[in-house]
Amino acid sequence: MFNPSTTLADLQELNKGTLGEHFEILFTEIGPNYICAKMPITEKTKQPVGILHGGASVAFAETLGSVAANLCIDKSKKYGVGLEIHANHIRSVKEGYVYGKVTPLHVGQSTQVWEIKITTEDEKLVCISRLTVAILDRK
């Protein structure tokens with residue numbers, strides 16, 4: 001599904017100068033149909049009451065889904081952008097890291113749908129998201 005020559009360093013390069021870099025998202029694994037990453041819980045990703053901000057979880061999920069979507073297309077002709085994201089926040093987290101894994105639900109010519117599960121280090125579900133990506137022509 002993904003270009004087999006894609007490396008973790010390639011994915012980190014995509015984060016430079018973006019919200020992903022600001023939130024310190026680190027890609028950790030590329031599988032045949034999934035990508036994993038982690039994000040620290042810091043002052044950048046917390047809400048005022050000291051827990052992981054739901055918006056940070058959504059940004060983490062959209063980063064994972066958008067990267068995955070763009071690895072499935074010919075980037076010289078097309079690009080993918082988020083069309084809709086749905087998130088259920090299951091559990092709060094105060095410190096450490098959260099871990100995300102993105103897997104495909106549908107990879108079509110004009111749309112893609114990705115599921116992103118965000119968990120704690122001990123694999124407790126924090127947030128589950130579904131991202132729909134529009135595949136657009138480069139002009």
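Values quoted throughout were computed directly from the atomic coordinates according to the rules given, and no laboratory measurement underlies them. Since we're looking at a predicted model, the values are computed, not measured. Don't worry about glycine lacking a Cβ; one is built from the backbone with ideal geometry, like all the others, and counts go over all protein chains shown.
The ranking of THR7, THR45, THR63 from fewest to most other beta carbons within 10 Å of each one's beta carbon is THR7, THR45, THR63. Under the combined filter of DSSP loop state and at most 16 neighbouring Cβ atoms within 10 Å, the stretch 60-139 retains these GluC sites (Glu not before Pro): GLU95, GLU121, GLU123. On the principal axes of its alpha carbon atoms, the chain extends 44, 28, 27 Å, with the longest extent given first. Length gained on full extension, SER5 to GLU21: 3.5 nm, using 0.36 nm per residue less the C-alpha separation. The HN-Hα couplings worked out from phi for the stretch 27-39 by the Karplus form 6.51 cos²θ - 1.76 cosθ + 1.60 (θ = phi - 60°) are 6, 10, 7, 10, x, x, 9, 8, 9, 10, 8, 9, 9 Hz, whole numbers, x standing for Gly and Pro. Taken as Cα centroids, the stretch 68-133 and the stretch 1-30 sit 14 Å apart, rounded to the nearest whole angstrom. With the cut-off at under 18 Å, measuring from each backbone N in the stretch 1-22 to a point 7 Å along the Cα-to-Cβ line of VAL81 picks out 18-20.
Amide H contacts of TYR97: ILE41, GLU121, each under 5 Å away and 5 or more positions distant or on a separate chain (H built 1.01 Å from N in the peptide plane; Pro and chain starts excluded). In terms of other Cβ atoms within 10 Å, MET1, MET39 run from fewest to most in the order MET1, MET39. Only Cα pairs within less than 10 Å get springs; with that Gaussian network setup on the chain, which residue of LEU83, LEU71, LEU52 has the largest fluctuation? So, out of LEU83, LEU71, LEU52, the one fluctuating most is LEU83.
Using a Förster radius of 22 Å, what is the FRET efficiency between GLU123 and GLN47 based on their Cβ-Cβ separation? Nearest 0.05, please. According to the calculation, E is roughly 0.40. If you run the Gaussian network model on the chain, springs between alpha carbon atoms under 10 Å, then out of LEU64, LEU14, LEU26 the most flexible one is LEU14.
Between PRO48, PRO104, PRO40, find the one with the highest GNM mean-square fluctuation for the chain; connect C-alpha pairs within less than 10 Å. Highest fluctuation of the listed residues: PRO48. Listed cross-link partners LYS46/LYS117; LYS77/LYS101; LYS94/LYS124; LYS78/LYS117; LYS101/LYS139 are compared with a 21 Å cut-off, the Cα-Cα value being larger for LYS77/LYS101; LYS78/LYS117; LYS101/LYS139. Axis of helix 54-70 versus longest Cα principal axis of the chain: the two differ by about 20°, to the nearest ten degrees.
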